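The values are calculated or read from the model by the stated rules, or taken from the named source; none is laboratory data. What you see is a predicted model; the values in this text were computed from it and never measured. So basically every Cβ, Gly included, is an ideal-geometry build from the backbone, and we count neighbours across all protein chains shown.
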Amino acid sequence: MPLIREQKARKPGTTTLKAAIDEMLRAYQLKNKYSETYLVAFWEKLVGKSIASRTGRLYVAEGTLYVQILSAPLRQELVLAKTKLIELLNREMGEEIIREVIFI
C-alpha cells in the first residue's frame, strides 16, 4: 500500500521558498542578473537541442542576447524569426528579460 503524504496547511505569515528567494533577489536588485544567467544556463532546454548544438558562445548584456551561430542556414532562419525568438524566451522566463537579439 503506497504511503500518501498529507498536505499540511501552511501557517499564517509564512511564504514558500520560491517566493522568499524571489523577494530576496528583488531586494538586492539581482533578479535581472539571475534571469539572464538562467537563460544562458538553460539555453538548450529553451530552444531545443538542434538549435543549441549549432550555437557557440552566448551571453546577455543590458537586455540584449548575443548568440554565436555556427551554421549559416540557421543564422538566416533565426534572423527571420528574431521577434518570435524574443517572445518565446521572454514567455519562458515569465518577464521581459530580452529586448534584442544579435547574432555574431
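Applying the selection to region 70-103, what residues are modelled with pLDDT under 90 and either touching a Lys or Arg at 6+ places or on another chain (Cβ under 8 Å) or of a type in the set (Gly, Ala, Ser) (or both)?
Gly94
Which helices (runs of 4 or more DSSP H) sit wholly inside region 11-52 and have at least 3 residues that are hydroxyl-bearing (Ser, Thr, Tyr)?
So the answer is 31-41.
Count, please, the residues in region 27-42 that happen to be more than 9 Å from the chain's Cα centre (by Cα) and loosely packed, with under 12 Cβ neighbours inside 10 Å.
3
Going through region 64-82 one residue at a time, which ones are among the small types (Gly, Ala, Ser) and either closer than 16 Å to Glu92 by Cβ or assigned to a helix (DSSP H, G or I) (or both)?
Ala72, Ala81
Pairs please, first residue from region 25-49 and closer than 14 Å to Val67 by Cα and in contact (Cβ under 8 Å) with a residue 24 or more places away in the chain, second anywhere and polar (S, T, N, Q) and not in a helix (DSSP H, G or I), Cβ atoms under 9 Å, 6+ apart in sequence or on different chains.
Val47/Thr55
Just need a number here: residues in region 76-100 that are more than 18 Å from the chain's Cα centre (by Cα) and either at positive phi or buried (at least 17 other Cβ atoms within 10 Å of the Cβ) (or both).
Within region 76-100, residues that are more than 18 Å from the chain's Cα centre (by Cα) and either at positive phi or buried (at least 17 other Cβ atoms within 10 Å of the Cβ) (or both) number 0.
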